[in-house]
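S.K.: This is the structure, below, for whatever I ask next.
What follows is calculated from the coordinates using simple rules that are stated; it is not laboratory data. Predicted model, so just to flag it, every value in this text is computed and none were measured. Note: ideal-geometry Cβ built from the backbone for every residue, glycine included; neighbour counts use all protein chains shown.
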Amino acid sequence: MDDCIFCTIVSGDISAHKIYEDEHFMAFLDIHPQTPGHAQVIPKRHYRWVWDVPNAGDYFEVVRKIAVAQRSVFGTDWILSKIVGDEVPHAHIWVFPSNEAHGDVHALEENAEKLRAALR
């Protein structure tokens, strides 16, 4: 979709602090993080709602991988997730450490690198 910000990130026309990417999904840090490592996990193909993604099991496996990496990198066992869908009209799942997380919420590139390393 031409007017979808997340589709524009997938196409590479807008840069993002990517932490994960495979054939079907991408995860990147939120530009307005609530906690260090706050990520958006999206399907690369445009779907309006999470519930429209046909390979939902694979989608949630990616979310699980991100959450496990966040727990390790930011020193908290408590990872939150949120599915609402009103912010951007593209399926997305917020995954973010609790307020107990250790790290600088605004150090996006540093946090992205730590998460990429944990996901290798």
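S.K.: At 222 nm, what helix-only mean residue ellipticity would the chain give, in deg cm²/dmol to the nearest 500, using -39500 (n - 2.57) for each DSSP H run of four or more?
M.R.: -10000 deg cm²/dmol
S.K.: When the gyration tensor of the stretch 46-109 is built from Cα positions, what are the square roots of 5 times its three eigenvalues, in whole Å, from largest to smallest?
M.R.: Details: eigenvalues 118, 38, 17 Å².
Working from the Cα gyration tensor, I get semi-axes of 24, 14, 9 Å.
S.K.: Points 7 angstrom from Cα along the Cβ direction at His102 and Asp58: gap in nanometres?
M.R.: Placing both labels 7 Å beyond Cα along the Cβ direction yields 3.7 nm.
S.K.: I would also like to ask the following. Across bins of 10 angstrom width beginning at 0, how are the C-alpha pair distances of the chain distributed, in whole percent?
M.R.: The calculated distribution, bin by bin, is 15, 50, 31, 4.
S.K.: Select from the stretch 1-80 those GluC sites (Glu not before Pro) which occupy a DSSP coil region and have at most 11 other Cβ atoms within 10 Å, ordered by residue number.
M.R.: Values: sites: Glu21, Glu23, Glu61; in loops: Glu23.
Qualifying residues, ordered by number: Glu23.
S.K.: Using only Cα atoms and rounding to the nearest 10 degrees, what angle (0 to 90) does helix 56-74 make with the longest principal axis of the chain?
M.R.: 20 degrees
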